[in-house]
Amino acid sequence: MRTVVLASETDFEGWKTAARGLRLEGVEPARARFVTGEAGQAALFGGEEAGGPQQEAGAFAVPRAFVETAGNLILHRAADRFDLMYRLLWRLRDEPDLMRVVSDPDVAAAAERVKNVSRASHKMKAFVRFRETTDADGERWVAWFEPAHRVLEKTAPFFARRFSTMRWSILTPDGTAHWDGQFLTFGPPGRQDEAPQEDEVEDFWRTYYASTFNPARLRTKMMQSEMPKRYWKNLPEAALIQELVASAVVRTDVMVSEPATLPNERFQRLRAPVIDRAATDEMVPSDLAELGRGVQGCRRCPLWRDATQGVCGQGPAQARLMIVGEQPGDQEDLAGAPFVGPAGRLLDAALVEAGIDRAETYLTNAVKHFKHEPRGKQRLHKTPNAGEVQACRWWLDHERKLVRPRLILALGATAGLAVLGRKPAVQAERGVVIDTPEGDRVLLTVHPAYLLRLPDPEARRRERAAFVADLRKAKDDTIRA
Ligand code: URA
């Protein structure tokens with residue numbers, strides 16, 4: 001019997017060198033033995049034929065699949081893994097395609113063990129729980145973990161990538177891994193009592209686990225295969241498992257007896273029947289209330305899909321002054337009323353300065369649904385395009401017919417386009433009454449949001465004064481008219 005003593009349980013380089021030499025020497029699998037640690041010492045002193053290859057000659061190529069398999073197989077805890085590896089290597093010389101024969105008992109046994117190793121590595125990624133400590137250099141995170149197979153060195157680079165800015169150590173009975181923020185190093189086996197036992201983060205894990213646990217979905221077998229019992233003792237949240245499982249039946253009964261939760265509103269809206277455009281064209285609103293209801297069912301353009309609701313005009317049906325903005329903003333969309341957000345507050349203050357009573361004014365928008373795009377938790381305003389403005393003119397035209405104001409004040413280019421039916425040059429055309437072919441009288445000015453966006457305080461002051469001056473003209477005109 002030839003006995004090779006390897007430097008460690010996972011000494012793949014040592015195994016490769018020795019196994020290649022033995023194969024070249026023609027040492028049959030039954031006569032080769034690989035040992036490590038104490039078994040190795042006993043073998044050396046027990047009178048067995050010592051060690052590695054006597055000669056090393058000749059090239060010997062093996063398929064990459066074998067090297068990959070063996071590199072993982074060596075991490076398995078089964079004591080006979082070295083023999084299996086050497087048996088495969090031995091056979092490869094005469095059976096170069098052996099690794100592809102999945103039905104072969106040696107190949108199948110190797111594949112099964114590689115799967116176990118990969119699963120152990122995956123579980124390590126999922127179940128390592130760091131606890132906070134401090135040492136001379138400050139904060140350090142330490143975890144105790146007992147992997148099913150010897151996957152520490154294989155898996156530690158994952159933690160170095162994931163927690164690259166933390167200083168951490170993972171202690172296992174096979175060895176330890178340490179990351180100092182720059183280098184990953186490995187050391188001798190650790191002990192559980194070297195790792196902190198409990199910290200506040202445990203509460204977080206327990207709360208998180210309890211909140212994600214759905215008693216109605218309880219499948220104990222599946223749960224145990226995902227979170228095998230062997231890992232429970234080092235998982236803070238595992239302390240809850242028995243209690244949660246025990247109370248699952250009662251909690252499910254309670255859930256079943258509770259009233260159903262409300263359906264997702266947006267989903268409901270998307271499923272709502274699309275109102276036939278021809279039908280709504282025929283439906284001429286006889287008053288503003290009917291118009292308001294019609295706007296809620298409007299499908300003339302796609303903007304309704306992402307908006308909370310349509311925002312109609314507000315104010316007396318006989319208002320002498322109609323003010324038209326661009327479209328509802330974030331706050332208007334939620335409140336269902338025009339000009340209640342930041343631009344609305346600026347407008348309110350300017351109206352007061354100009355001596356206009358908002359309550360006597362009909363305030364509306366060119367477009368009735370909030371056009372926006374999500375950015376994180378925010379909904380960012382997007383300017384409606386000409387098609388959307390045109391589609392929504394149907395409602396604005398009806399508002400104009402129903403209210404019949406003496407003057408329409410259009411705030412900004414979009415409102416100007418909707419009211420005049422052409423793109424206006426706001427700065428050049430502002431402040432003078434424009435007579436439209438339909439017999440309406442229109443005054444153009446800037447939009448209050450434009451004033452909010454001006455970065456220069458002096459420019460803001462100047463533009464605000466010009467805005468108030470335009471409002472005064474609107475007031476004077478409606479009094480005179
Ligand atoms: N901007 C508008 O144009 N209209 C509103 O209703 C709010 C902000």
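Here, each number is a calculation from the coordinates, and none is a lab measurement. Just so it is clear, the model here is predicted, and its values are computed rather than measured. Counting neighbours? That spans all protein chains shown, and the Cβs are built from the backbone with ideal geometry, glycine included.
Observations on the model:
- Residues with amide H under 5 Å from that of R93, placed H, sequence gap 5 or more: none
- Residue-by-residue Karplus 3J(HN,Hα) for the range 104-113, coefficients 6.51, -1.76, 1.60, Hz, glycine and proline x: 5, x, 5, 5, 5, 5, 5, 4, 4, 6
- For the chain, the dipole from Cβ point charges (+1 on Lys and Arg, -1 on Asp and Glu) about the Cα centre works out to 1480 debye, to the nearest 20.
- The ranking of H122, H149 from fewest to most other beta carbons within 10 Å of each one's beta carbon is H122, H149.
- Value of relative contact order over the range 128-194, rounded to a whole percent, pairs C-alpha under 8 Å and six or more apart: 26
- Residues T3, T414 arranged by fewest to most Cβ contacts within 10 Å: T3, T414
- The ranking of T207, T176 by Cβ neighbour count inside 10 Å, starting from the fewest, reads T207, T176.
- Reciprocal mean inverse distance between Cα atoms of the chain - Kirkwood radius, Å: 30.2
- For the range 348-355, backbone phi angles converted through the Karplus equation (6.51, -1.76, 1.60; θ = phi - 60°) give residue-by-residue couplings of 4, 5, 5, 4, 4, 4, 7, x Hz, Gly and Pro being listed as x.
- Between the alpha-carbon centres of the range 372-419 and the range 427-466 there is a gap of 16 Å.
- Relative contact order (percent, whole number), the chain, Cα cutoff 8 Å, 6+ residue spacing: 8
- Relative contact order [Cα under 8 Å, 6+ residues apart], the range 269-480, whole percent: 22
- Peptides 372-383, 423-434 ordered by average Cβ neighbours within 10 Å, highest first: 423-434, 372-383
- When the chain is described by a simple charge dipole with +1 on each Lys and Arg Cβ and -1 on each Asp and Glu Cβ, the residue from V62, A156, A354 located farthest towards its positive end is A354.
- Amide H contacts of I323 (H built 1.01 Å from N, under 5 Å, at least 5 apart or other chain): Y362, L363, T364, L409
- Per-residue ellipticity at 222 nm computed for the chain from its helices equals -14000 deg cm²/dmol, with DSSP H segments shorter than 4 residues left out and the rest contributing -39,500 (n - 2.57).
- Distant-in-sequence amide H partners of A32 (H built 1.01 Å from N, under 5 Å): R2
- Once each of the chymotrypsin sites (Phe, Trp or Tyr not before Pro) sitting in a DSSP loop with at most 15 other beta-carbon atoms within 10 Å is removed, the chain keeps 184-481 as its longest stretch.
- Across the range 149-155, rounded Karplus estimates of 3J(HN,Hα) from the backbone phi angles (6.51 cos²θ - 1.76 cosθ + 1.60, θ = phi - 60°) give 10, 7, 9, 4, 5, 5, 9 Hz, Gly and Pro being marked x.
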